[in-house]
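The values are calculated or read from the model by the stated rules, or taken from the named source; none is laboratory data. This structure is a prediction, so every number in the text was calculated from the model and none was measured. Positions of Cβ are backbone-derived with ideal geometry, glycine not excepted, and every protein chain shown enters the neighbour counts.
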Amino acid sequence: MSSPHRPGPTASDPARDPAPPHDVSPEDVAPDGLLPATRRALLHRVAVEQAEGRAPSVVGAVMRGGRMVWSGARSGVAGEVPDAETQYRIGSITKPFTAVAVLRLRDEGLLDLADPLERHVPGTPVGEVTLAQLLSHTAGLAAETPGQWWERSDSALRPDLASVLGAAPVLHPAGRRHHYSNPGYTLLGSVVEAVRGAPWAEVVREEVCLPLGMTRTTARPVAPHADGWAVHPWADVMLPEPARDLGVMAAAGQLWSTAADLCRFAAFLARGDERVLSADSVREMRTPGAPPEPEGWDAGYGLGLQVVRRQGRTLTGHGGSLPGFLAGVWLSTEDDVAGVALANATSGPGTGVLAADLVRIVAEAEPRVPEPWRPLTEVDPALLDLTGFWYWGTAAVVLRLAPEGWVELGPVDGGGRGSRFRPEGDGTWRGLDGYYAGETLRVVRHEGAVSHLDLGSFVFTRRPYEPHGSVPGGVDEQGWRALP
């Protein structure tokens with residue numbers, strides 16, 4: 001480590017207090033704490049990864065309900081005792097931070113994700129690719145830079161974007177497939193700098209990290225921090241890894257962070273923070289933006305975030321690696337639990353699997369307790385009259401009121417097409433998710449009475465093929481009949 005162990009937890013830091021006695025009852029555990037058996041299972045999992053992965057050190061942490069509720073570490077090097085405030089290099093977990101910076105500019109109206117790169121960073125050979133394609137790794141760009149292994153070589157070898165892209169930066173047609181690209185995120189860092197007029201690292205720290213309380217996330221290491229090591233594959237000996245400054249490639253993997261700070265970031269990715277990005281914008285980040293590879297239908301990529309299916313659970317987050325370091329952070333929004341894992345080894349420990357397992361352990365041992373049902377405190381009678389059965393042709397759907405003041409429209413049995421809708425303030429409703437995401441729902445009235453619902457040209461009536469002329473193509477005048 002770079003400096004002696006920090007002081008231990010204090011009474012004012014409940015997330016890091018020692019576990020309660022083994023005879024404690026669940027009711028005696030703080031609402032944001034974990035049961036002793038769960039804490040032991042988490043520490044055991046971290047210990048197994050450190051031992052079997054032959055890592056100098058491993059730190060794990062869990063976020064639940066918006067805050068870190070557990071952290072633990074194991075170290076095999078004398079004098080190195082890391083904790084949740086020890087910095088590790090997080091490699092490509094830097095990419096979600098770059099994505100947040102880009103989306104902030106979008107939400108401020110300073111750019112559009114459909115903008116071609118040329119509009120903001122002119123003069124590159126890939127100016128026609130869009131910002132959305134760069135964010136989702138669908139721009140077709142090469143995975144790495146030309147020349148020497150950029151993560152371990154001097155950044156002076158790549159002084160500008162031309163040296164990052166090289167003579168043949170495009171491998172696939174833009175928009176056709178997901179192909180992970182570090183140079184693509186370098187371009188996004190240049191977009192941030194061009195539009196904001198400030199260095200990428202400054203923008204990320206001032207606009208993302210500090211508002212979220214992530215004071216230990218920095219572009220350069222700040223003590224106490226771990227040193228990076230390579231562990232010999234066939235002998236228990238180590239070699240120090242160089243901690244190179246990435247220069248122009250910084251937006252793809254420069255950051256250092258801690259388990260505690262990454263728990264704060266995971267909490268932000270779960271629910272948003274209006275000081276940084278809204279809940280709608282972080283939900284957009286978590287939504288896959290490209291089809292997965294044929295061999296990986298359980299994995300995808302959103303806007304700066306990986307999306308995977310693991311043991312029946314959808315996880316969003318990112319993995320990271322640089323010589324000497326491995327990192328992983330995974331979030332289950334359904335369980336409101338995130339796992340963080342950091343290690344200072346070039347290879348060996350599976351930090352991504354470990355982070356996912358920390359989520360699983362907590363979610364299975366202490367399932368999320370749902371919020372109690374509560375009746376609405378007020379309701380618009382005209383809106384209440386819209387609830388109940390509607391028919392698209394002969395298919396029955398149900399419109400329900402949601403607690404947020406939204407409405408939900410979906411099949412009676414819960415399968416098939418359905419979405420939540422948010423009021424737009426002009427009498428219409430905008431689809432938030434599912435098949436009708438982005439579509440407009442309108443209530444059509446005739447002589448003051450509700451005639452039907454119009455949803456993207458689909459007509460929903462109170463009775464199947466109601467004979468009042470609102471159904472496209474009309475309804476047979478003889479109506480429903482039995483056949484002789």
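Summary table below
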| read-out | value |
| --- | --- |
| Checking S470 against (1) at pLDDT 85 or above; (2) farther than 15 Å from A395 by Cα, the condition it does not meet | (1) |
| Yes/no for T86 being in contact (Cβ under 8 Å) with a residue 12 or more places away in the chain, in contact with a Gly (Cβ under 7 Å, 6 or more places away or on another chain) and under 23 Å from R220 (Cα atoms) | no |
| Members of the range 224-235 found to be closer than 16 Å to F325 by Cβ and aliphatic (A, V, I, L, M), listed by number | A226, A230, V231 |
| Sole residue being surrounded by fewer than 20 Cβ atoms within 10 Å (Cβ to Cβ), at pLDDT 95 or above, of a type in the set (V, I, T) and assigned by TED's automatic domain parsing to the domain that holds G319, chosen from V237, V276 | V237 |
| Identity of the residue in the range 403-413, in a loop (DSSP other than H, G, I, E, B) and surrounded by 13 or more Cβ atoms within 10 Å (Cβ to Cβ), that ends up modelled with the highest pLDDT | W406 |
| Matching residues, the range 129-156, being charged (D, E, K, R), closer than 13 Å to T186 by Cβ and surrounded by fewer than 19 Cβ atoms within 10 Å (Cβ to Cβ) | E144 |
| Among residues of the range 334-351, those that are in contact with a Ser or Thr (Cβ under 8 Å, 6 or more places away or on another chain), within 21 Å of F268 (Cα to Cα) and not acidic (D, E), counted | 3 |
| Tabulated pairs, the range 298-323, first closer than 20 Å to V102 by Cβ, second β-branched (V, I, T) and in a loop (DSSP other than H, G, I, E, B), C-beta under 6 angstrom, 6+ apart or interchain | G302/T287; G320/I90 |
| Qualifying residue in the range 387-398 (condition: among the polar types (S, T, N, Q), surrounded by fewer than 24 Cβ atoms within 10 Å (Cβ to Cβ) and within 30 Å of S153 (Cβ to Cβ)) | no |
| Qualifying residues in the range 270-287 (those that are assigned to a loop (DSSP other than H, G, I, E, B), in contact with a Gly (Cβ under 9 Å, 6 or more places away or on another chain) and touching a residue at least 24 places away in the same chain (Cβ under 8 Å)) - the one farthest from V308 (Cα to Cα) | S278 |
| A143 being modelled with pLDDT under 95, among the aliphatic types (A, V, I, L, M) and farther than 26 Å from Q306 by Cα | no |
| Residue, farthest from S75 (Cα to Cα), within the range 242-254, restricted to residues that are assigned to a loop (DSSP other than H, G, I, E, B) and modelled with pLDDT under 95 | L246 |
| Single match in E439, E466, E447 (criterion: more than 20 Å from A382 (Cα to Cα) and over 42 Å from the mean Cα position of the chain (by Cα)) | E466 |
| Test set (1) in contact (Cβ under 8 Å) with a residue 24 or more places away in the chain; (2) outside the structural domain of L239 (by TED's automatic domain parsing); (3) small (G, A, S) - A402 fails condition number | (1) |
| Tally of residues being surrounded by fewer than 24 Cβ atoms within 10 Å (Cβ to Cβ) and in a loop (DSSP other than H, G, I, E, B) across the range 57-88 | 10 |
| Test: residue in the range 375-386 that is under 30 Å from L239 (Cα atoms) and either more than 17 Å from the chain's Cα centre (by Cα) or of a type outside the set (K, R) (or both) | no |
| Considering residues of the range 97-118 that are outside any helix (DSSP H, G or I) and small (G, A, S) only, the residue surrounded by the most Cβ atoms within 10 Å (Cβ to Cβ) | A114 |
| The range 230-259 - residue that is among the aliphatic types (A, V, I, L, M) and touching a helix residue (DSSP H, G or I) at 6+ places or on another chain (Cβ under 8 Å) and, of those, nearest to T217 (Cα to Cα) | L255 |
| Among the candidates L331, L326, L354, residue that is more than 14 Å from the chain's Cα centre (by Cα), modelled with pLDDT of 95 or more and under 22 Å from F268 (Cβ atoms) | L354 |
| Extreme residue, surrounded by the most Cβ atoms within 10 Å (Cβ to Cβ), among residues of the range 157-214 that are in contact with a strand residue (DSSP E or B) (Cβ under 6 Å, 6 or more places away or on another chain) and more than 23 Å from S281 (Cβ to Cβ) | P183 |
| Residue that is surrounded by the most Cβ atoms within 10 Å (Cβ to Cβ), among those in the range 303-341 that are assigned to a strand (DSSP E or B) and of a type in the set (S, T, Y) | T316 |
| Residues that are touching a helix residue (DSSP H, G or I) at 6+ places or on another chain (Cβ under 8 Å), farther than 19 Å from D112 by Cα and not hydrophobic (A, V, I, L, M, F, W, C), drawn from the range 182-204 | N182, P183, P199 |
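Condition check ((1) in contact (Cβ under 8 Å) with a residue 24 or more places away in the chain; (2) closer than 29 Å to T351 by Cβ; (3) in the same structural domain as L212 (by TED's automatic domain parsing)) across all residues:
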site	(1), (2), (3)
R54	yes, yes, no
A73	yes, yes, no
A101	yes, yes, yes
R104	yes, yes, yes
P125	yes, no, yes
